[in-house]
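Below is one structure, written out as structure tokens, with a few remarks after it.
The values are calculated or read from the model by the stated rules, or taken from the named source; none is laboratory data. Because the structure is predicted, anything quoted here is derived from the model rather than measured. Reconstructed Cβ throughout: ideal geometry from the backbone, glycine too, with neighbour counts over all protein chains shown.
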Amino acid sequence: MKQILPRIWQWSWFSEEKQIEFNGHFLETGEHRILVDPPLMSAGDMAQIRHGDPVDYIVLTNRDHQREADVYKKEFNCQLMIPEKDSGEMSVQADKTFKDGELLPGGMWVIQLQDQKSPGESALFLQTGKGILLVGDALIGKPAGSLSLLASEKYADIAKAREGLRRLLKYNFDSLLVGDGTPILQEAKAVLEHTLESS
């Protein structure tokens, strides 16, 4: 587990199948300690998270990022929050569902994105610092230093999916943390603008 921004850590698990790093994020924001889209973590990572106050919440950005949420919900005895629009297609037992525009614990705003791989696909926006966006499958950090969409067959209409991502440009952010691939920690909004213009 490595600290990538003030009070934000990332750990990764390499997927042989997808040939990409699956990332989890550990946030200390406000009075809360939150895990986002947690993949498998090492014993050392778990020990680091256990050091200090308890984890309050696990937040999932979409139906396909259940990953190890059920395991860590029990392990850390915390609450699980999932997108309402994806809840019918998820096998985890959530404590709460959330909708577009909702303010989650820790000051995270929910931005639900239209025409993505799943109906509940959500980005999370933190106004801390210069602004931070966390995304699940909406954008992939590959190759490193750039952003891309999933393969076109994952969408009903990739042009509509790309258009749906333009909503993110309404927010002021400098860092973009991804569920898959490599995060962009500075000037991420400009990278996203370039991605949407050139793809």
Task: From the options E31, E68, E17, E21, residue that is over 14 Å from A123 (Cα atoms), surrounded by 18 or more Cβ atoms within 10 Å (Cβ to Cβ) and at pLDDT below 95 - done: E21
TODO: Within region 59-82, track down each residue that is assigned to a loop (DSSP other than H, G, I, E, B) and without any contact (Cβ under 8 Å) to a residue 24 or more places away in the chain.
DONE: N77
Task: Where C78 falls short, out of the listed (1) over 26 Å from L185 (Cα atoms); (2) in contact with a helix residue (DSSP H, G or I) (Cβ under 7 Å, 6 or more places away or on another chain); (3) not charged (D, E, K, R) - done: (2)
Task: Residue in region 47-58 that is at pLDDT below 95, assigned to a strand (DSSP E or B) and among the polar types (S, T, N, Q) present - done: no
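Consider K85 carefully, then state whether it is in a helix (DSSP H, G or I) and within 17 Å of W109 (Cα to Cα).
For K85, the condition - in a helix (DSSP H, G or I) and within 17 Å of W109 (Cα to Cα) - is met.
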Open item on the list: If I go through region 1-36 residue by residue, how many of them are in contact with a Phe, Trp or Tyr (Cβ under 8 Å, 6 or more places away or on another chain) and among the charged types (D, E, K, R)?
Closed with: 3
Task: Which listed residue is over 15 Å from the mean Cα position of the chain (by Cα), surrounded by fewer than 19 Cβ atoms within 10 Å (Cβ to Cβ), of a type outside the set (D, E, K, R) and assigned to a helix (DSSP H, G or I), from G101, G44 - done: G44
- [ ] Consider only pairs whose beta carbons are under 8 Å apart and that are at least six residues apart or on different chains; among these, list those whose first residue lies in region 28-56 and is basic (K, R) and whose second residue is surrounded by fewer than 15 Cβ atoms within 10 Å (Cβ to Cβ).
- [x] R33/G52; R33/D53; R33/P54
